[in-house]
Structure formats: structure tokens, C-alpha cells
1. Quick check on segment 89-102. Is at least one of its residues surrounded by fewer than 18 Cβ atoms within 10 Å (Cβ to Cβ), acidic (D, E) and more than 24 Å from N170 (Cβ to Cβ)?
2. Quick check on K162: is it surrounded by 14 or more Cβ atoms within 10 Å (Cβ to Cβ), among the basic types (K, R) and within 24 Å of the chain's Cα centre (by Cα)?
3. Give the residues of segment 105-150 that are assigned to a loop (DSSP other than H, G, I, E, B) and closer than 16 Å to H12 by Cβ, sorted by residue number.
4. Just name the residue that is surrounded by the fewest Cβ atoms within 10 Å (Cβ to Cβ) out of those in segment 50-68 that are modelled with pLDDT under 95 and touching a Ser or Thr at 6+ places or on another chain (Cβ under 9 Å).
5. I'd like to check something: does segment 21-29 contain any residue that is under 27 Å from F152 (Cβ atoms) and out of contact with any helix residue (DSSP H, G or I) (no Cβ under 6 Å at 6 or more places or on another chain)?
6. Are there any pairs with C-beta distances below 7 angstrom linking a residue in segment 242-260 that is under 16 Å from N301 (Cβ atoms) to a residue that is of a type in the set (S, T, N, Q), with the two at least 6 apart or on different chains, and if so which?
7. Kindly check whether there is at least one residue in segment 30-48 that is closer than 30 Å to T168 by Cα, modelled with pLDDT under 95 and of a type in the set (A, V, I, L, M).
8. If you check A145 against the conditions, is it in the same structural domain as N50 (by TED's automatic domain parsing), among the small types (G, A, S) and closer than 20 Å to Y51 by Cα?
Amino acid sequence: MPNEMPLRKIIHVDMDAFYASVEELDNPDLKGKPLAVGGSEKRGVVSAANYEARKFGVRSAMSGFQAKKNCPQLTFVKPRFDRYKEISKIIRSIFFEYTDLVEPLSLDEAYLDVTVNKKGNPSATMLATEIRQRILEKTGLNASAGISINKFIAKIASDINKPNGQKTVNPEEVIPFLEELDIRKFYGVGKVTAEKMYKLGIFTGNDLKSKSIEFLAENFGKSGPYYYHVVRGIHNSEVKPHRIPKSVGAERTFNENLSSEIFMLERLEHIAQELERRLTKSKVAGKTITLKIKYSDFTLNTRSKTMPYFIADKDLILETAKDLLYQEELQNSVRLLGISLSNLNTEDKTTKKNDDKSILVQLKFEF
């Protein structure tokens, strides 16, 4: 007999253009104008953009130069992470009024398991509406939400009626919803994967569902079985209140491109010091050190080395980062350097191997 999926009611709450919305909240003169947080028209990278800017193709991770080219009237503001964290704490406190099963993904989004909740309300849809209203009342900011039987579908659903909306995918609607969905909307399918799927004739969830698990594994490796199961609504990952980080890192974008390794070593020392501070704060150590190099033409290069023991000390991190820097010749002048530590001593080695081997059943309970 196949295992049945757990009966869960999951809400994914996602703040609308969070960083930009906070800036508009604190400076009403910015409202209605194209706005980018981070970067500048000469340097840096856009961290976030409001919806007015997105209409011009401005998006996160875009260079400030390109963003200004796309939208000449764009206004840049410096990020204020202390302020974002302050508001994020208020939002998170609202979540805990409803359930202790809260899994933050970042400052502006989280999963909530409300299968059993503190309000005793059987309707996850009504709870999501109430949570969004509470956020608006306490912060002045809008949030969107997705509600369904698992994290995968809830996250997709939260994007359907953005901004300031929500979407519920009831148990009996899961399969039709996924079959009609554009493959680009599937969480975990990036631009490169989507293009590969297009070449294989996969444009919708229904196209994906028609492929065998063997076909998907052959073409997408370890991700193949994941795609096979999620398109059938199978995703048994629980909402984990204490998410274990897989890596800890620090990086810096420079005001002027660096062409001398001597200057880079000086910057790496500051980055290693910041990384040590973050590791100490998180009480973790790791074995794999990765050096990230972004060149002036925006090409990215990473170099890694795995140690035989866990480290968290600045001097050891810096020494390894230096070795990685000299490992290959630099291809161009450098605009960004970063160091990260992975293979952490917190990683759970006992992950369930059969998490996604159950099949979807038509769950009949109120959403």
C-alpha cells in the first residue's frame, strides 16, 4: 500500500517588494516613482526594485548601470538592513500569534503550518487573510500569500495574485493547477533549466507530467525525480522552525575595480574577519571554503577547497582564500570578492530518503 501524504495546511507569506516598500513607507515622496534599493547608476548591484521600476525590466541582481539604462528616471536609495530587520521582527511576531511552526526563508517571506493553529480556525484561507491584514495594520506594508497542502504549491500560489493578494489551491485543485502552470512558474526551475525543458517539448506542468522518471533523471540528473514528484503534488518537506544553514558567507562589491592582487588580499582580510564574526554568531564551523570572484564584465568565477577538519578561524579562512586567489590567473579586473564556508558541522546527515515516494491523495478538509 502506498503511503499517504500528511494532511497539512501550509501558508506561504511573501512581502510585496519589501525593501522598496519600506523605503516608500519611510519616505512617502518616493511612492509612485521607479525605485531601486542598492547600487547606483555607476556602480553596484540592485538589491530590490518596486513594481514601478519592474515595469521597465529593472530587477534584483541587475547592475546599477543597466538598471538606469532601462529606466532613466530610476531613483536609487542605499539599503538600510537594520530597518528591514526591525520590521521583519514585527511581521514574524504576528506569525507566532497563529502558530509556532514558522520557517523564515528571508526577512520578507516565511512558511507557516496552520494545520493546528492557536486561533482554532479550520480555514487556512481565512487565517491568511487575517495575517495579511494584521501585517498591514502593524507595519503599513502589503503582503501576498499562497495557501495549499504543501510548501511547494503554497510558494507558487503566493506569486499568482501579487501584489497584495492571495491564492488558495484546494486539495482537489492541485493536479489541474499544476498541469496548466507554465513550467517557468515551478519553484526550482530556473532560466537555464526552463530553456532546456523547452527544447525537450516541456512547456507546461502537463508536458512535464507526461515524462517518465527515467527520462527526467537522464536529462536533469538528481533534479529529475524532484520534478517528477512535485508535478504530481508530492512534496513532503515539513515546515522547519529552526532552519539549519547550509553555508555562511560574506562578500564586498568595490567602488573601483581591482586589478592588483595586493589590494585584493587587503580586502579579503576584511571579508574573512566579517565571515569569522558571522560564524561565531551562528556558532558553526565548516570544512569547504569557496572564493567568489566577480569580474568587471560581470562574469563569475568560484574556487573551492575542502579541509580535513572544521574551521571558523579568520586566519585559517584567509590563508586558504589566498591560496585559492593564486590558484589561477585573474581573467580581468575584479569588482566583487566573497568568501563562504559550507559543509558545516550543523548539517543533518539523517535526511529521510523516502520523503518524496508517497502519492497524492485527494485530501478532503476545509481550506
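The values are calculated or read from the model by the stated rules, or taken from the named source; none is laboratory data. Quick caveat: nothing in here was measured; it's all calculated off a predicted structure. Here the Cβ positions follow ideal geometry from the backbone for every residue, glycine too, while neighbour counts run over all protein chains shown.
1. yes
2. It is true that K162 is surrounded by 14 or more Cβ atoms within 10 Å (Cβ to Cβ), among the basic types (K, R) and within 24 Å of the chain's Cα centre (by Cα).
3. L107, D108, V114, T115, N117, N142, I149, N150
4. A61
5. Scanning segment 21-29, I find at least one residue that is under 27 Å from F152 (Cβ atoms) and out of contact with any helix residue (DSSP H, G or I) (no Cβ under 6 Å at 6 or more places or on another chain), so the answer is yes.
6. Listed by first residue and then by second, the contacts come to G249/S340; N257/S296; N257/S333; L258/S333; S259/S333.
7. So far as segment 30-48 goes, yes, one or more of its residues are closer than 30 Å to T168 by Cα, modelled with pLDDT under 95 and of a type in the set (A, V, I, L, M).
8. yes
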